[in-house]
Amino acid sequence: MQSAIEVRGLVKRYGEFEAVKGIDLDVAQGEILAFLGPNGAGKTTSIEILEGFRDRDAGEVHVLGVDPEKAPLSWRERIGIVLQESEADSVLTAREAVTMQAGYYTAPRNPEEVLEIVGLTDSADVRNRKLSGGQKRRLDLAMALVGDPELVFLDEPTTGFDPSARRESWEMIESLRQLGNTVLLTTHYMDEAEHLADRIVVIGGGEIVARGTADELAEQVDATTRITWKPTPSEPAPPSLLPITRDNVTGMAIVETTHVMAHLHALTSWAIENSIDLAELNVARPTLEDVYLRLTDSGGGE
Ligand code: ATP
């Protein structure tokens, strides 16, 4: 598949300080990629270089096949940027703001269609200052989409949202996938990255720490799955291959494992053979948050 973004050996220095230390990054067309990292990791610096707002010190950068430092105006029309702060004029209605924005592009999308995509049709005639926080974010996205961009940069799109507004935003971001857009998403919410992203890239201290799907990242840190159940006092000894520990407070039996299938198989076969009812059996996979914390604690190097 063709790359929407291709970065090789990107370096950015602020004086003596090297904020981005020679990173490589590929984002395929039509992909949603989450770019994660702790505060100060180098995300904003890298993304601003990709957006053409910041110069680099070294490296090759191609965004939609073009070097952002030398990009013509027509390239900017192919990109949508949703910043953390709302840019739409507060005295306009959503419909007016999106229609006006469409006027800046040579081949915009139909504003009504865009309002529909972001779920603002019913509030299209409300003045922007009266929109709720969630509705304002929808308008921000509408403003970025009306130019019919191929690539959308989403910077922490749901920060400060209540849980239901976040869910709605996720649906909206997923609709971009259906439109064939490529999305580069930054977020500090790991559940958001896990839910939305096809792939995840983690940056720490200016270096790429890990990349892959959520499952691949879990493998990289050997994150364990936790199998638990409530044993009965009379049950026979479980198979010795199961590394069982006990929680002294709850009395639960615990198997922490990366060999989930083999250990579950051993456990359930033993239970069936001995007519044991594995009460409260639970299998908890590592969350992306567990994995991310381990990746970013351990620092640089893939
Ligand atoms: P956050 O999650 O807080 O937005 P980030 O990953 O986006 O963080 P950057 O803003 O790219 O991180 O910053 C990377 C490093 O470069 C930080 O140590 C920051 O202090 C430094 N930095 C960023 N901009 C400048 C600047 N204009 N001048 C000097 N140092 C800077």
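Looking at the structure I just gave you, is Pro149 at pLDDT 90 or above, more than 18 Å from Phe35 (Cα to Cα) and crowded, with 22+ Cβ neighbours inside 10 Å? So Pro149 fits the description; yes.
For the stretch 1-59, taking the residues that are near the ligand (Cβ under 10 Å from one of its atoms), aromatic (Phe, Trp, Tyr) and surrounded by fewer than 17 Cβ atoms within 10 Å (Cβ to Cβ), the one that is nearest to Leu295 (Cα to Cα) is identified as Phe17.
For every residue, the table says whether it meets (1) polar (S, T, N, Q); (2) within 30 Å of Leu267 (Cα to Cα).
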{"residue": "Gln135", "(1), (2)": "yes, no"}
{"residue": "Asp140", "(1), (2)": "no, no"}
{"residue": "Pro157", "(1), (2)": "no, no"}
{"residue": "Gln178", "(1), (2)": "yes, no"}
{"residue": "Thr187", "(1), (2)": "yes, no"}
{"residue": "Arg199", "(1), (2)": "no, no"}
{"residue": "Gly206", "(1), (2)": "no, no"}
{"residue": "Gly212", "(1), (2)": "no, no"}
{"residue": "Pro233", "(1), (2)": "no, yes"}
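Taken over the stretch 269-290, the criterion of being in contact with a Leu (Cβ under 7 Å, 6 or more places away or on another chain) and not aliphatic (A, V, I, L, M) is satisfied by no residue. In the stretch 201-227, the residues that are farther than 21 Å from Val7 by Cβ and in a strand (DSSP E or B) reach residues that are of a type in the set (S, T, N, Q) and at pLDDT below 95 with C-beta atoms within less than 9 angstrom, at least six apart or across chains, in these pairs: Thr225/Thr257; Thr225/Thr258; Arg226/Thr257; Ile227/Thr257. Restricting Leu293, Leu264 to residues that are without any contact (Cβ under 8 Å) to a residue 12 or more places away in the chain and either out of contact with any Leu (no Cβ under 8 Å at 6 or more places or on another chain) or on the phi > 0 side of the Ramachandran plot (or both) narrows the list to Leu293. Screening the stretch 173-200 for residues that are in a strand (DSSP E or B) and away from the ligand (no atom under 12 Å from the Cβ) and picking the one that is nearest to Gly65 (Cα to Cα) gives Thr182.
Name every residue in the stretch 210-253 that is surrounded by 15 or more Cβ atoms within 10 Å (Cβ to Cβ) and among the aliphatic types (A, V, I, L, M), in order of residue number. Ala210, Ala214, Leu217, Ala218, Val221, Ala223, Ile227, Leu242, Ile244, Met252, Ala253 - these are the residues of the stretch 210-253 that are surrounded by 15 or more Cβ atoms within 10 Å (Cβ to Cβ) and among the aliphatic types (A, V, I, L, M).
The values are calculated or read from the model by the stated rules, or taken from the named source; none is laboratory data. Quick caveat: nothing in here was measured; it's all calculated off a predicted structure. Using ideal geometry, Cβ is built from the backbone for each residue, glycine included, and neighbour counts are taken over all protein chains shown.
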